[in-house]
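One structure is given here, and the rest of the page talks about it.
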Amino acid sequence: MSHIDKATVAKIARLSRIKIEDDKLEPLAGELNNILGWVEQLEEVNTDNVLPMASVVDVKLRWRTDEVTDGGKRDSVLKNSPNHEYGFFAVPKVIE
Amino acid sequence: MTYIVHGATGDFEIVVGLEIHAQVSSNSKLFSGSATAFGADPNTQVSLVDAAMPGMLPTINAECVRQAVRTGLAIGAVINKRSVFDRKNYFYADLPQGYQISQFKDPIVGPGVVTLDMGDGVTKDIGVERIHLEQDAGKSMHDQHPQYTYVDLNRSGVALMEIVSDPDIRTPEEAAAYVTKVRSILRYIGSCDGNMDQGSMRADVNVSVRRAGEPYGTRCEIKNLNSIKFVRQSIEVEARRQVDLIEDGGTVVQETRLFDPVKGETRSLRSKEDAQDYRYFPDPDLLPLEFDDAFIEAARATLPELPDAKRTRFVEELGLSDYTAGVLVAEKAQADFYEVLLDALVTASKKDMASVASKAANWLTGDLYGALNKAGKSIADTPVSAGQGAELLALIEDGTISGRIAKEVFEVMFETGKGAGVVVEEKGLKQVSDTGEIEAIIDGIIEANPNQLAQYRGGKDKLIGFFVGQVMKATGGKANPGVVNKLLKPKLDA
């Protein structure tokens, strides 16, 4: 059985860019372990030769033809951004 | 072929694998209906799907699937009739979704092979582990404003094929040859335009070093190389860095690095603290990608003759040398030009294809390439078309002009874009094959040179060259050399 510790919660939070106070890490680890433990009950079922189920309904992936049907809506695309200049999104400088 | 990095304590060999990102040639994006054309104004080719607005759902572009299958077939790869799209999670300003839709566990194309021609008939097979479909990210510009990074999402969501090689490459030259060959195949089948300077094709290079007989060393990945020259240089520089590091007692850390061609060095790109952890999982917005054998066979039916097959045919059926055939097939545009030229020449001269194939190849790789190189042009913007080239060569074949005159005619054609027949007519370069006319000239020359005639008859056979030269001079090079030789000898020997 997998076990989530405090450090793992902190790591997942950082990767997801979610700020979690130190005193919340331990309780969260407990909650996550409960969820995982609950799901792990499924391991009692023998799933040899059973394909992973991608959907509960019997549908296939829908394909589209290669046509330009969208775009040309810069104002809508930029509308919700806090800042944009010359048609670009303007974000705090990312330096690597 | 081996490439050895000489260290202070011994020799190291290099182990290299490549990931090539090739933009699929399609009108619209992988999961949305916005355009993919290069060079549009920022954020004008962005749909709400590409901008990752809440509630937007991806729908796959059939053409991108078809092109990935064709690419797999072109390298003899396994095609997976069922593949799965996964989310690769990371944060970056030009990735609005916060994840890239890619294929992790079940890619659309499985193992295949790319065969490299290393010269002198030597070939080397490089394994391709897989090809998968994924979305491109947007473009960030860091140098336009002191406080801001500008982001353009036009590329966001454009379909890429990631072509992952096995770590089979052992020299920088093999890496360059591999990228060249993959680009050639992509261009032949038209699944990617292969333009590295426009970013439609770029390479990530994985480099490690080891002493002979040792297991693989730790590798570093050099990201986003946009020319074949940089692929070669970055491998040389990175291998040297790793050898120096190991010999100084250090250890190579697995990381992503950036190649700086100006400084000729590689630099660490991401901090160790943010070690890559993409947390892949199947994208719940997309069902598995499935198709049947009929879809694969329909894709296979549209494949053109590929470079390796074309090269073999040129050698076996047309009698070209392996080297010449290799030069001709390397770029699709060249091979196409040659085949149009040859067909037109066969039609115009009514000669057998094999008998004129070498002549056409020599003219193309010698005269035309030479002139194009000198003028800084490519085959795409040649002033002399394949049809015009065939007309010129046909004039040699039917004896209208000599090979020497043809070079003169070609120069005028290249400068003016005029047809061969027109140039010959205008400049009065038509070869003289009229025996009566040539005979009269020969008689005159023999009469004017009694000394040379006496010496020739006295046993100096080689003087026949002198007489031929005089005849050619008298006719301005227009006399048919075959006719001259045939008429001259009996008269001298008489």
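Structural remarks
- Taking every DSSP helix (H) stretch of at least 4 residues in chain B, weighting each as -39,500 (n - 2.57) and dividing the sum by the residue count yields a mean residue ellipticity at 222 nm of -12500 deg cm²/dmol.
- Principal axis box of segment B:215-281, alpha-carbon based, largest edge first, Å: 36, 32, 23
- Where labels lie 7 Å past Cα in the beta-carbon direction, separation of B:Val315 and A:Asp75 in nm: 6.3 nm
- Of all beta bridges that DSSP places with both ends in chain B, some 95 percent have antiparallel geometry.
- With the highest mean first, a sort of the peptides B:124-132, A:62-70, B:364-372, B:202-210 on other beta-carbon atoms found within 10 angstrom per residue produces B:202-210, B:124-132, B:364-372, A:62-70.
- Along its principal axes, chain A has C-alpha extents of 56, 45, 24 angstrom, given from the largest down.
- For segment A:2-42 versus segment B:197-227, the gap between their alpha-carbon centres in whole angstrom: 36 Å
- Taking amide H as placed 1.01 Å from N in the peptide plane, B:Val24 has its amide H under 5 Å from the amide H of B:Ala159, B:Leu160, B:Met161, each at least 5 places away in sequence or on another chain.
- 3J(HN,Hα) along segment B:21-26, derived from phi through the Karplus expression 6.51 cos²θ - 1.76 cosθ + 1.60 where θ = phi - 60°, amounts to 9, 10, 6, 5, 6, 8 Hz, with x in place of Gly and Pro.
- Kirkwood estimate for segment B:243-312, i.e. one over the average of 1/r between Cα atoms, Å: 18.5 Å
- Ranked by the mean number of other Cβ atoms within 10 Å of their residues, highest first, the peptides B:386-398, A:9-21, B:321-333 fall in the order B:386-398, B:321-333, A:9-21.
- Under a 5 Å amide H cut-off, with hydrogens placed 1.01 Å from N, A:Arg64 pairs with B:Ile60, B:Asn61, B:Ala62 among residues at least 5 apart or on other chains.
- Evaluated over segment B:307-427, the count of Lys pairs having alpha-carbon atoms less than 17 Å apart is 9 (only pairs 8 or more residues apart or interchain).
- Convex hull volume per residue, computed on the Cα atoms of chain B, equals 226 Å³.
- Accessible area of A:Asp22 in the full protein assembly, 1.4 Å probe (Å², nearest 10): 110 Å²
- Heavy atoms of chains A and B lose about 4100 Å² of accessible surface on contact, summed over both sides with a 1.4 Å probe.
- Between the beta carbons of B:Asp120 and A:Gln41, assuming R0 = 60 Å, the FRET efficiency works out to 0.40 to the nearest 0.05.
- Sorting B:71-79, B:283-291, A:40-48 by average packing, meaning the other beta carbons within 10 Å per residue, from highest down gives B:71-79, B:283-291, A:40-48.
- Backbone N atoms of segment A:11-25 closer than 16 Å to the 7 Å Cα→Cβ label point of B:Arg279 belong to residues A:11-21, A:25.
- Inter-site label distance for B:Glu297 and A:Ile20 at 7 Å from Cα along Cβ, in nm: 5.4 nm
- Three-way shape call for segment A:1-44 based on the alpha-carbon gyration tensor, with the a/c threshold at 1.5: prolate
- A cut-off of 5 Å between modelled amide H atoms, ignoring neighbours fewer than 5 places along the same chain, links B:Lys418 with no other residue.
- The phi torsions of segment B:386-401, fed into the Karplus equation with coefficients 6.51, -1.76 and 1.60 and a -60° offset, translate into couplings of 4, x, 5, x, 5, 4, 4, 5, 5, 5, 6, 4, 8, x, 5, 9 Hz, rounded to whole numbers, with Gly and Pro shown as x.
- Euclidean distance of C-alpha centroids, segment B:424-464 and segment B:231-255, integer Å: 71 Å
- Solvent exposure of the protein assembly as shown as accessible area per residue, Å², 1.4 Å probe: 51 Å²
- Rounded to whole Å, the principal axis extents of the Cα atoms in the protein assembly as shown read 118, 62, 57, largest first.
- Separation in nanometres of the label points that stand 7 Å from Cα toward Cβ, at B:Lys139 and B:Lys81: 4.1 nm
- Cα pair distances exceeding 17 angstrom across segment B:307-427, given as percent: 53 percent
- Counting only protein chain heavy atoms and rolling a 1.4 Å probe, the accessible areas of B:Glu247, B:Glu425, B:Glu174 rank, largest first, as B:Glu425, B:Glu247, B:Glu174.
- Radius of gyration and maximum dimension Dmax of segment B:435-493, Cα, Å: 10.5, 30
- Cβ-derived FRET efficiency at R0 56 Å, A:Glu31 paired with B:Arg211, nearest 0.05: 0.65
- Across segment B:366-379, coupling constants 3J(HN,Hα) worked out from phi with the 6.51/-1.76/1.60 Karplus curve, θ = phi - 60°, read x, 4, 5, 4, x, 5, 5, 4, 4, 8, x, 10, 10, 4 Hz, and Gly and Pro carry x.
- Each helix, a run of at least 4 DSSP H residues, gives -39500 (n - 2.57); summed and divided by the residues of chain A, these come to -11000 deg cm²/dmol at 222 nm.
- Cα centroid of segment B:145-182 to Cα centroid of segment A:51-65, whole Å: 31 Å
- Calculated FRET value between B:Glu415 and B:Ala380, using beta carbons and R₀ = 25 Å, to 0.05: 0.85
The values are calculated or read from the model by the stated rules, or taken from the named source; none is laboratory data. These figures come from a predicted structure and were not determined experimentally. Neighbour counts run over all protein chains shown; Cβ positions are idealised from the backbone, glycine included. In case anyone asks, the SASA skips ligands and DNA or RNA and just uses the protein heavy atoms, side chains included. Shrake-Rupley method; radii C 1.70, N 1.55, O 1.52, S 1.80 Å.
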